[in-house]
């Protein structure tokens, strides 16, 4: 029997340890990849939902403007109370981003006195229109609600400048909601970054199929003043616990003016989302990035637990392998010693058997009944060891009278 060398035992234990550690590391890496993929998938879903919600909040204001334009087109007379009721019915609130909703009228310079008198008689006794510049007509803010927060905007001429005027005229030209670039929106006694949305209101029943017809039959614009901070704040509450985002005017490769920035990027998660959003004719770029709080998938914990227990198990497998191979080695050594002892005992017995002066014969039934005889037996019977198994030879040595016994 060949006894395994101790070096072979060590190699076997090392192989078992390497195999166990390899399986542990493969399991760890696979689980970590799956967890990271789950994190990135969740990040992408949150980024897409953020862009959708951002647009949807603006669209709620746009739908209100379109409804207001229908109201203006079907109203021969307007007063402040009509806009108070309209704002209440629209469901728009400042916490949703809408700082105010109102109406801009086109007024010829020659009609300014009569226009002011009309507005003052309809509930705004302190109304006064801007008269700067020499352009004609003027685009004057006639009504705006909520009044307490927006009364500073009453009488402003949005035609006195490019940003607001171009947005209003684009809305007329294309009969759609148009948005200005970033401006300072008046809120109470302060100004805050924001923008204006415009939608044209035309005279009822008259054609608007050509640019000339639209210009001739335009009554004015229903507009909404939107605050960037109030627009984004609810989204920040929803998403900032897991992702941060920035918003700036222009495309992804343009150095547009920043509109909003919130959240601190994760130090370990390097992916980022960049999406260009068409916001009523203006291109905004929303950049999203993950925060550490995004990493909450339990698979990360499972991966580290699997690594820890796997390494412990690998050590245990090595120790068990060493114990088992050591036990096998001891058993084989004991078997060899027992075999040597048997051989020694057999040698001693054979020496006694052959040296005995008494004739002896042993029959070994495990060798098909073979008869072993010692030299004294041969001397006594004259039967050699070779013939001792032949019963006929043995009978020839007997006296005839003894054959019947």
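Quick look at the values:
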item: Selection count, the range 257-271, where residues are at pLDDT 75 or above and out of contact with any helix residue (DSSP H, G or I) (no Cβ under 9 Å at 6 or more places or on another chain); result: 3
item: Lone unmet requirement of (1) at pLDDT below 80; (2) touching a strand residue (DSSP E or B) at 6+ places or on another chain (Cβ under 6 Å) for residue 387; result: (2)
item: Within the range 336-384, considering residues that are modelled with pLDDT under 75 and assigned to a helix (DSSP H, G or I), the one surrounded by the most Cβ atoms within 10 Å (Cβ to Cβ); result: 367
item: Residue match in the range 206-216 (condition: assigned to a strand (DSSP E or B), in contact with a strand residue (DSSP E or B) (Cβ under 7 Å, 6 or more places away or on another chain) and not assigned by TED's automatic domain parsing to the domain that holds residue 251); result: no
item: Check on residue 130, surrounded by 13 or more Cβ atoms within 10 Å (Cβ to Cβ) and in contact with a strand residue (DSSP E or B) (Cβ under 7 Å, 6 or more places away or on another chain); result: yes
item: Residue in the range 139-154 that is in the same structural domain as residue 220 (by TED's automatic domain parsing), without any contact (Cβ under 8 Å) to a residue 12 or more places away in the chain and within 30 Å of residue 250 (Cα to Cα) present; result: no
item: Residue in the range 320-335 that is farthest from residue 19 (Cα to Cα), counting only those that are surrounded by 13 or more Cβ atoms within 10 Å (Cβ to Cβ) and either over 60 Å from the mean Cα position of the chain (by Cα) or touching a residue at least 60 places away in the same chain (Cβ under 8 Å) (or both); result: 332
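The values are calculated or read from the model by the stated rules, or taken from the named source; none is laboratory data. A quick note: this is a predicted structure, and the numbers were derived from the prediction, not measured. In this analysis, Cβ positions are derived from the backbone assuming ideal geometry, glycine residues included, and neighbour counts consider all displayed protein chains.
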